[in-house]
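**Q** The structure that follows is given in the form of structure tokens.
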Amino acid sequence: MKRLAILGAAGTIGQLTRQTLLERTNFSLVLYARQATERLQQIDAAREKIIDGDFLDLGRLVRALQGCQSVFLTDIHDPRATLRVIEAMKLAEVSQLISVAPERNLCHSEALKQLVSATDLSLSPKKHQLLLQQKNRLMSYQLIKGSELSVYFVHLPSEKKRMANRRAWRESVVEEILSFKIAVQLNSNLKGMKK
């Protein structure tokens, strides 16, 4: 049976992904999140393992990823945490990563350069915080792109689209994640049949 880890499993996208995977596949799941045992209730004891942990805790991450074939990373707000996840995957010998990424128009080198150089001191604290989050997301995205993992990106819609229809964009992200997973599974099954 395929074993998948969902990092950030207690968040909105993580919970939707979990629910959909349980309904549509026979995969076993490792659900990893801060205070996961408090925030998540086990739905299928035979197929789920809930682990409390932080993305920066390398040892716990490696143990959680042991035996997994793939990892879903639902949160890339912190480049340090992204580096830890990449390192843990390599140590646990997991080579496939499906990651939520910033919206497509931000995912190019020029956008990153512009964000990094944006240091307007007149920004309100709220706008400054949003800018910092965007910078961290893009740096995390670049780290993942530069890794030697087999990576599939699920791009978030723009903030405007996310605010307009919260349920629809979340479901579309889960569908995109599942389409990558199903495509990868089909490819590996085909390779196995050719041997």
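**Q** Here is a list of conditions, (1) surrounded by 15 or more Cβ atoms within 10 Å (Cβ to Cβ); (2) within 24 Å of Leu83 (Cβ to Cβ); (3) among the charged types (D, E, K, R), and Arg47 meets all of them except one; can you say which number that is?
**A** (2)
**Q** Another question, if that's okay. Identify all residues within the range 1-27 that are surrounded by fewer than 18 Cβ atoms within 10 Å (Cβ to Cβ) and assigned to a strand (DSSP E or B); write none if there are none.
**A** Passing the criteria: only Arg3.
**Q** Go through the range 131-163 and give me each residue that's outside any helix (DSSP H, G or I) and not polar (S, T, N, Q).
**A** Hits for the range 131-163 are Glu148, Leu149, Val151, Tyr152, Phe153, Val154, His155, Leu156, Pro157.
**Q** Further question: Being open to solvent by less than 50 Å² (accessible area, probe 1.4 Å) and at pLDDT 75 or above narrows it down to one of Pro102, Pro157, so name that one.
**A** That would be Pro102, the only listed residue that is open to solvent by less than 50 Å² (accessible area, probe 1.4 Å) and at pLDDT 75 or above.
**Q** Somewhere in the range 27-40, is a residue at pLDDT 95 or above, of a type in the set (Val, Ile, Thr) and within 21 Å of Ser140 (Cα to Cα)?
**A** no
**Q** Here are some conditions: (1) of a type outside the set (A, V, I, L, M, F, W, C); (2) farther than 21 Å from Glu171 by Cα; (3) open to solvent by 80 Å² or more (accessible area, probe 1.4 Å); (4) out of contact with any Leu (no Cβ under 6 Å at 6 or more places or on another chain). Arg84 meets all but one. Which one does it not meet?
**A** All conditions pass for Arg84, except number (4).
The values are calculated or read from the model by the stated rules, or taken from the named source; none is laboratory data. Because the structure is predicted, anything quoted here is derived from the model rather than measured. Glycine also receives a Cβ, built like all others from the backbone with ideal geometry; neighbour counts cover every protein chain displayed. Areas reflect the complete protein model, heavy atoms only, side chains present, ligands, DNA and RNA absent. Shrake-Rupley method; radii C 1.70, N 1.55, O 1.52, S 1.80 Å.
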